[in-house]
Amino acid sequence: MVILYEFSPPSEEATLLKRVLAIQPPVASLSSWPRYARDILHAAGSCGSDLVWRYACADEIAQDSLGQSHLAARPIDDELFRQIVRDWHYTSPNLDALSSEKNVSDKFAKLVQILRAFEAQGTQFRVIVFVQHRITAAVLVDLIRMVKDLSTFIRPQALISHDQEEQQNIMRDFAEGRYNLLLATKSMEDLDIPKVDVVIRFDLFESQVSYAYSRACLRGPDPHLIHLVENGNDVHRRILSDVSPSTIAVKTWMFRMSSQEGAIPPSTIHESTDPYRSDDEDAGCMGPCITDPCTSGRIYHRDATAVLLRFLARSGSSHEENSTIFHYRRMDGSESNKAEYVCSIRLPGVKSHVVTGDPCDSIAHARRLACYNACRELGELGSLDYRILPRPTHVVRIDDPEHQRLMNHQQNAHNGTRKYPRKCPDFWLNSRSVGWDHVYPTVISVRGDEASSHGPIVMLTRLPLPSLSSTKLFYIGVPIAVQFSRAAQLTLDGEKLRQAHAYTMRVCKGIMNRAMDYPLQNMPYLLLPLDRKWLEAHSSPADSIVLPSVEDDIPWNQVELAVEKAVIPLRYGSVQEVEQDVEDAVIQDRWVEFTRRYEVNTVRGDLSPLSAPTDSPREAGYPTFVAYCEARRKGFDRLKSHEQPLIEIKRLSPLLNRLNPSTRPWTESTKATAKYLIPELCVKHTIPASTFRTALLLPSITRRINDMLLVKELNAKLFDHCLREDLLHTAITAPSAGFEFDYERLELLGDAYLKYLSSVYLFVTNPQKHEGALHHARQRIISNKSLLEYADSAGLPPFIQSKPFVAKLWQPLDGAIHSDNTRPGPSTVEQQGAANPPSAADRPISPAEPETVPAKSKRSKRKRQLDEQGIQWLGDKAVADVAEAIIGAGYMTGGREVALKVTKALNIPVPRIDRWEDFGRKPLAVAPETVSKLKPGRIDAVERIIGHKFQRPQFLAQALTHTSVQGYDMTSYERLEFLGDAILDFMVIRHLYFRETQLSPGGLTLLKGAMVSNSALAALCVWSGLHRHLLFESKELASSIQTYEAQLKVRQDTEYAEADLEGRSPGQYWLDIEPPKALSDVVESIIGAIYISDNFSPVGSEAFFVKVLRPFYDKHITLKTLSHHPTKTLFELFQAEGCHEFEMVKQQMTRCEGWCLTDADMTLHSNFRLSVVVHDTILAAAASTSSFSASRRASFCALDALEGDPDFMRRTCNCRLQSQVRHAVKKALKDIWRDEGDDEVVEAVLAG
């Protein structure tokens, strides 16, 4: 049963609330009480709002009052406040709807009416009312007791305490009749509440589990489940629709949920992750909890049953449909004579694994404890999906006064940038509170062309990492795949843990090629090698929740060797001995840990130390390799063997940013470098080369892991997991980060969607406003300034990824903490060195090797760079662009409904609209009798053109009526044009997004601009024949349309003939003709009319687009036809990409000179060759008899090349990145530090 109540927003604050807020000096400890008072003002009225302050009094009377001990907000200890509250005149509830002194909400009045309807039910009548907030339950009890005619038969009591004994006492009194009305929070719904005749859901909860609990409370032949729903509230309508059982499977499951054994839900149940906790419950003590390391979502005892039900629903195939879940065992009491119960649960996917809860004196609490233990064990197994956990209530917000006080002065008014903190993943912060008793392995492996040379590495974390999708790294623009595989929990004893820590530090030193040391308690993770055979045995993920183990595949002998020494001598002797020893080895020619490292190409048995260095530049000028060593190697005595073969080597690739596909390849020093080494003079690193190569990728990999963790956290906290994570990752990544993806394409889509949504919203909610007013109102919603405010209020900026990854600044604590006290300083290394003198292999580099000792200024610069890692400067437009990109990601994830949900999550104001279908329920301002009358047959003619039938033809008449028609000013097509313009923009961008899947944002913008221009729409209007049906009363307009049509026809015929002759598609033949604006306007207004006629469904407008607009666009508007000369298009495209280093190089020629030209070029007696050069790379070239023709053909080839290789500009051009980092940021920082004159700080940040 649904009872509707009217929403009547209070015109002003409650009187007592205003009096309290006016106390001078202000009361210091108001805490949450004003918010409680305002919440009750809306839920129950001003009478109830005044009653809130009774609970806030810090005196003995208030302490004894109902509910005070269960509210988390502290009582206010202020004498003046207490005096005001004690002396206040509290009025009784006035329910008279016609009275000017009515002081209760219509919602409360409807509750009273419901209760009055059951007055004749007798002494056995029982009712329970479910609310969200504890303060609501407490105040409603007081209000009901104050309603005189209810007090004779209603005996209310609040069930809001988390104390188990108090809960049981209240429910016992309720069953025995001392109370017949319970007001309980949602957190009580899974308890063993005595059966009732009526359940009233005062607040709505988006949960079919909650709905099932409410139904399970009912008894008798004529029970009532009543929902209080706000009249006209689309959110309430949707929630009620979603939670109502609509399938046989859900209805059957709800029926079986009335038994204490429960039933496994079908996979189709509708559940929200909103925990619907009372503010008091979040702030108060709710006992132990399980914290999800990734999202910081918490599972308390009260949440565990619902979480387990969601888990079982997802596991689906592992269970028989509707099989039971809970099994109980009664344990008879002894001294207290109280029986206790133990609940057990069999987990799916774990053979014979039963989870048991602690004994409790009620079945409900025994069930809660068993579910809690089951959730904990699933979490330890790494099988508890973070997406089914209660959504974290608190989001990092940057709009609070304290934050504004700290950040407002750190703005740059010149370029619109602001200083924001960079968010650290909660995962690492949550891990710091956990010891290393158990570790959770994640196997990192490289797949692809480079996979054979990369060994797997195990990352051990203190808490289980969530499932991570594979990611891409780049070797000179060539992608390789990095995959993450989770493994079963490990327990390392003290010695193994020490070895793992020492091995991790050895790997980190090898990566950075410098000394570093971090204590175990500060390490976010540990690293260990892994046998490659593990990957072969577990190439596909297992279906079971039991993960494979890595325990037997960790080569502890390698670990022990690496812990003991950094390098060991290389064997020398026969070719076979050397080959065996250098296999998978990293070679050094010095007995120090931090120096140049090499990998082996081959063992040269044909060369020896006495051979002449004919092809080795370093030894050139010396008769033999030995002679070079005698002359140049310090401390060289003599070789023990002159017969040993030489090793042909190459420099091991250094640490680079592998996340950026345009990272320049590493180049050797201009100094002559080694090509051959003598084995006897070499050592090899104790970490194998395959493991070392993967280790050199770890800085890039860990940065990507941190980004993915932040994406999961943001998706949970703001968007309720409604977005695809890869799309959200793209949406929060700025171009300045230098990754292979960024938000720009999604931003175009999101910008068009937001314009579309806001236009529809304003059109519907402002039926009397003209186009100009609607346009200004829309700008207030979608402007960058507004979007910045919305994004700030949602706490979005700290999650944005804008800073490029700087490999040389990497440290294992990156992303885990930004704190100076965790960074090793020189004193740390010195103290450790004094306590444990290093061996010869581990000793630091001596002063005799100055090239490896960093200068003092370098260390200072590095420290400043590290200090800047925790902050970022973001432009206001960049923040707004990210918000739009996230909306675009929402559309790509789930269409316009998910995009609407994301829009609302970003606090963009679209009030009282929850679904797109809600627009169709709003009243429209256009009356059929006020529009122009169309001639017979005109409606059918237009419908044949557009390919869709009008449901309400009066809107077509409105769309075709020009402003020149007298008497129809208010119903002219201008409002429809406003709506149609936004719809067209969105359809065009969406069409281009899917048609040009690889085209850059700059190219998409050029194409979109050409498609929605007035000239293109006017040409389309004539091309389709719609212009013949426009209604107007202007001779000038008639003449201009006639002239335009004639000119257009001539240009069209000419262009089609030339295109046919040249074997190309026809281009934009309309560009040089000025069109009447009415022609483009009528196209947009017809789109708007179709949309409204279909009750705000996009079906008709999309049919028009598919039948008319898309064929016109695909035929006439592509990159090659954007202008008469493709060179103009090409250069506009480069400029849109932000590229500054491009040119057309002309060369006169008499023959092809080795150039790869087309057959057509080869047959020409070409005199000119034109090359399109981007960053010294030839993109395309063509030849012809004239430079004009050659440039045209070269530009065509270049546009073809860019379409075929969309990543070319990303790989080749870094102008935008350099411009943003070197110019905008430099200007911002110099403005801030101008007074200090600290240019070194600026350069340090720019180097990062």
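The values are calculated or read from the model by the stated rules, or taken from the named source; none is laboratory data. As the structure is a computational prediction, the values presented were derived from the model and not from experiment. Positions of Cβ are backbone-derived with ideal geometry, glycine not excepted, and every protein chain shown enters the neighbour counts.
Brief remarks follow.
- Residues of region 1207-1230 satisfying the condition of being at pLDDT 75 or above and either polar (S, T, N, Q) or not in a helix (DSSP H, G or I) (or both): T1212, C1213
- Against the test of being in the same structural domain as V235 (by TED's automatic domain parsing), within 27 Å of Q113 (Cα to Cα), modelled with pLDDT under 75 and surrounded by 15 or more Cβ atoms within 10 Å (Cβ to Cβ), the options L66, L71, L30 yield a single qualifying residue, L66.
- Note on region 727-746: among residues that are part of a helix (DSSP H, G or I), modelled with pLDDT under 95 and of a type outside the set (A, V, I, L, M, F, W, C), the one that is farthest from the chain's Cα centre (by Cα) is S736.
- Every listed requirement among (1) crowded, with 23+ Cβ neighbours inside 10 Å; (2) modelled with pLDDT under 90 is met by G220 save one, (1).
- Residue check, R86 buried (at least 16 other Cβ atoms within 10 Å of the Cβ) and either assigned by TED's automatic domain parsing to the domain that holds S187 or of a type in the set (S, T, Y) (or both): no
- Selection count where residues are outside any loop (DSSP other than H, G, I, E, B) and over 58 Å from the mean Cα position of the chain (by Cα), scope region 595-620: 0
- Filter result for I264 (at pLDDT 90 or above and either of a type in the set (A, V, I, L, M, F, W, C) or surrounded by 15 or more Cβ atoms within 10 Å (Cβ to Cβ) (or both)): no
- Given (1) closer than 18 Å to A364 by Cβ; (2) modelled with pLDDT of 70 or more; (3) buried (at least 21 other Cβ atoms within 10 Å of the Cβ), index of the condition G297 fails: (1)
- Residues in region 138-146 include at least one that is under 19 Å from V229 (Cα atoms) and in contact (Cβ under 8 Å) with a residue 60 or more places away in the chain.
- Scanning region 626-648 for residues that are surrounded by 12 or more Cβ atoms within 10 Å (Cβ to Cβ) and within 58 Å of the chain's Cα centre (by Cα) gives C629, R633, P645, L646, I647, E648.
- Qualifying residue in region 1086-1109 (condition: buried (at least 22 other Cβ atoms within 10 Å of the Cβ), closer than 20 Å to F978 by Cβ, among the charged types (D, E, K, R) and within 37 Å of the chain's Cα centre (by Cα)): no
- Residue ranges of helices (runs of 4 or more DSSP H) in region 1041-1156 with at least 2 members in the same structural domain as K949 (by TED's automatic domain parsing) and touching a residue at least 60 places away in the same chain (Cβ under 8 Å): 1077-1093, 1099-1104, 1110-1116
Every residue, every condition in (1) under 15 Å from A1059 (Cβ atoms); (2) touching a helix residue (DSSP H, G or I) at 6+ places or on another chain (Cβ under 9 Å), yes or no:
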site: Y1091; (1), (2): no, yes
site: D1094; (1), (2): no, yes
site: A1103; (1), (2): no, yes
site: V1106; (1), (2): no, no
site: T1118; (1), (2): yes, yes
site: P1126; (1), (2): yes, yes
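- Taking each residue of region 578-607 that is more than 20 Å from P654 (Cα to Cα) and looking for partners that are polar (S, T, N, Q) with beta-carbon atoms closer than 8 Å, six or more apart or interchain, yields V578/Q644.
- Residue match in region 662-674 (condition: surrounded by 14 or more Cβ atoms within 10 Å (Cβ to Cβ) and modelled with pLDDT of 90 or more): no
- Test: residue in region 1187-1206 that is part of a helix (DSSP H, G or I), at pLDDT below 75, farther than 28 Å from L874 by Cβ and of a type in the set (S, T, N, Q): yes
- 1 or more residues surrounded by fewer than 17 Cβ atoms within 10 Å (Cβ to Cβ), over 19 Å from the mean Cα position of the chain (by Cα) and modelled with pLDDT of 50 or more: qualifying helices (runs of 4 or more DSSP H) within region 767-885: 771-782, 784-794, 856-867
- Looking only at residues in region 350-396 that are of a type in the set (S, T, N, Q) and at pLDDT 90 or above, the one that is nearest to D292 (Cα to Cα) is N373.
- When V209 is tested against (1) within 24 Å of K107 (Cβ to Cβ); (2) buried (at least 23 other Cβ atoms within 10 Å of the Cβ), only condition (1) is not met.
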